[in-house]
Amino acid sequence: RAKAAGRNCWRFFDESMARHVARRLDMDTALRRAVERKELRLLYQPQTSLETGRIIGAETLVRWSRPDVGMVPPNEFIPLAEESGTIIPIGDWILLSACHQAATWRRENQLELRIAVNITAKQIHHKAFVDQVRDALDDSGLPPQLLELEITEGSIVENIEETVNKLRQIKALGVTVAIDDFGTGYSSLSYLKELPIDRLKIDQAFVRDIPLNPHDCAIARTIIAMAKNLGLSVIAEGVETREQVDFLRAEGCNEIQGFLVSPPIAADELAIRCLDAATIA
Ligand code: C2E
Ligand code: MG
Ligand code: MG
Ligand code: MG
């Protein structure tokens, strides 16, 4: 009896699991084809200097419009692609496209914009990673200093020695590195001095309730001070209000990114926005 019940139990588990797996497989197959079917599109969100008020860079953010389904947010398909390995060809396409875009802004719009590209753990640890970055630079002709890679704390702690090794090779190319979503990971602070990085991105969770929430103000202030002491630049994500700008600037934050300046937009729109005298007074 117990055995029979166990079997029924298993069957139930098995069927719902099978459906779940099938749905994910389905999405992954669709995602693999998304590049050639031109369903993926890149948007760019301005990054603004608090010193000059001008746009000095942009973060690349991928969008997937799936036929018959609609927009699938990156928070849904990037983790899936990361798990399945599909992130390798897709990430390579994103990197190459972003480099070409920044090279085009430079050539056709006389805009020297730094282009930031999000990179997952699996991409960093892939054996061809450094070659892919080098190839994207060669193919696009983008000066390496104009490419920035955004990695999260999570992908660093996964294999710290390997990450340091890879990042050293990336830095040797002249490419810069930012830690994304800083403050939300598990990592100890000690790795910060080991890592060859250039910038910290304060996670939007700590920016949202500035200046009203004293704890968030304290956290943001501490991250900025620590970045300064380590000789790193710091950018705040998710900046939506003038009050946040005033606080961040007073604390010495170098750059901001968020809806206050602009949501992620198409490449040609961004080129037009850059003609504005200054985005932040
Ligand atoms: P992220 O790299 O931390 O990107 C910032 C996210 O915050 C973006 O969401 C952006 O649209 C959103 N955001 C920007 N300003 C504001 C603001 O003022 N307020 C609020 N509430 N949100 C703001 P998005 O585009 O949905 O991307 C979500 C995440 O998906 C990204 O977080 C990143 O982890 C991942 N992702 C997006 N594009 C790519 C990509 O090309 N490659 C990889 N590997 N991951 C990507
Ligand atoms: Mg990012
Ligand atoms: Mg972020
Ligand atoms: Mg994020």
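The values are calculated or read from the model by the stated rules, or taken from the named source; none is laboratory data. If you're wondering where the values come from, they're calculated on a predicted model, not measured in any experiment. Virtual Cβ from ideal backbone geometry, glycine too; neighbours counted across all protein chains shown. Surface areas here come from the heavy atoms of the whole protein model, side chains and all, with no ligands, DNA or RNA. Shrake-Rupley method; radii C 1.70, N 1.55, O 1.52, S 1.80 Å.
Some points to look at:
- Counted over the chain, the DSSP beta bridges are approximately 40% antiparallel.
- Computed across region 133-182, the Kirkwood radius stands at 11.5 Å (inverse of mean 1/r, all Cα pairs).
- 0 to 90° range, to nearest 10: angle between helix 214-229 axis and the chain longest Cα axis: 70 degrees
- Per residue, the average separation of C-alpha pairs within less than 8 Å and at least 6 apart gives the chain a relative contact order of 19 percent.
- Evaluated with a Cβ-only charge set (Lys, Arg +1; Asp, Glu -1), the chain carries a dipole of roughly 780 debye about its Cα centre, given to the nearest 20.
- Computed log₁₀ I(q)/I(0) - Debye formula, equal Cα scatterers, no solvent, region 102-177, q 0.18 Å⁻¹: -0.70
- Among the listed pairs Lys38/Lys122; Lys127/Lys171; Lys166/Lys201; Lys171/Lys228; Lys122/Lys171; Lys38/Lys127, a Cα-Cα separation exceeding 25 Å is found for Lys38/Lys127.
- Per-selection Kirkwood Rh - region 41-120 (Cα, Å, 1 d.p.): 13.9 Å
- Listed residues Gln47, Gln257, Gln132, most fluctuating in the chain (Gaussian network, C-alpha, under 10 Å): Gln132
- Relative contact order (percent, whole number), region 70-175, Cα cutoff 8 Å, 6+ residue spacing: 29 percent
- Extension gain for the segment Thr104 to Leu189, taken as residue separation times 0.36 nm less the Cα-Cα distance, is 26.8 nm to one decimal.
- Reciprocal mean inverse distance between Cα atoms of region 198-271 - Kirkwood radius, Å: 12.5 Å
- Extension gain, Ala266 back to Ala128 (0.36 nm per residue minus Cα-Cα distance, nm): 46.7 nm
- DSSP bridge pairs, region 130-281: antiparallel proportion in percent, nearest 5: 0 percent
- Accessible surface of region 181-276 [probe 1.4 Å, protein heavy atoms]: carbon and sulfur percent: 55 percent
- A simple rule links phi to the HN-Hα coupling: the Karplus curve 6.51 cos²θ - 1.76 cosθ + 1.60 with θ = phi - 60°, which for region 124-140 gives 4, 7, 5, 5, 8, 4, 5, 4, 5, 5, 4, 4, 5, 5, 4, 5, 8 Hz, with x for Gly and Pro.
- Solvent-accessible surface (1.4 angstrom probe) belonging to Cys253, in square angstrom, nearest 10: 10 Å²
- On a per residue basis, region 5-123 carries 55 Å² of accessible surface, using protein heavy atoms and a 1.4 Å probe.
- Between 0 and 90 degrees, the angle of helix 87-109 with respect to the longest Cα principal axis of the chain falls at about 30 degrees.
- Tensor-based shape of region 126-281 (alpha-carbon gyration tensor, a/c under 1.5 rounded, otherwise prolate or oblate): oblate
- When Rg and the Kirkwood Rh are both derived from Cα coordinates, the Rg/Rh ratio for the chain amounts to 1.02.
- Exposure of Leu25 as accessible area (Å², to 10), given a probe of 1.4 Å and all protein chains: 110 Å²
- Förster radius 25 Å - calculated FRET efficiency between Glu39 and Glu76 (Cβ-Cβ, nearest 0.05): 0.95
- Rounded to the nearest 10 degrees, the angle from helix 2-34 to the longest Cα principal axis of the chain is 40 degrees.
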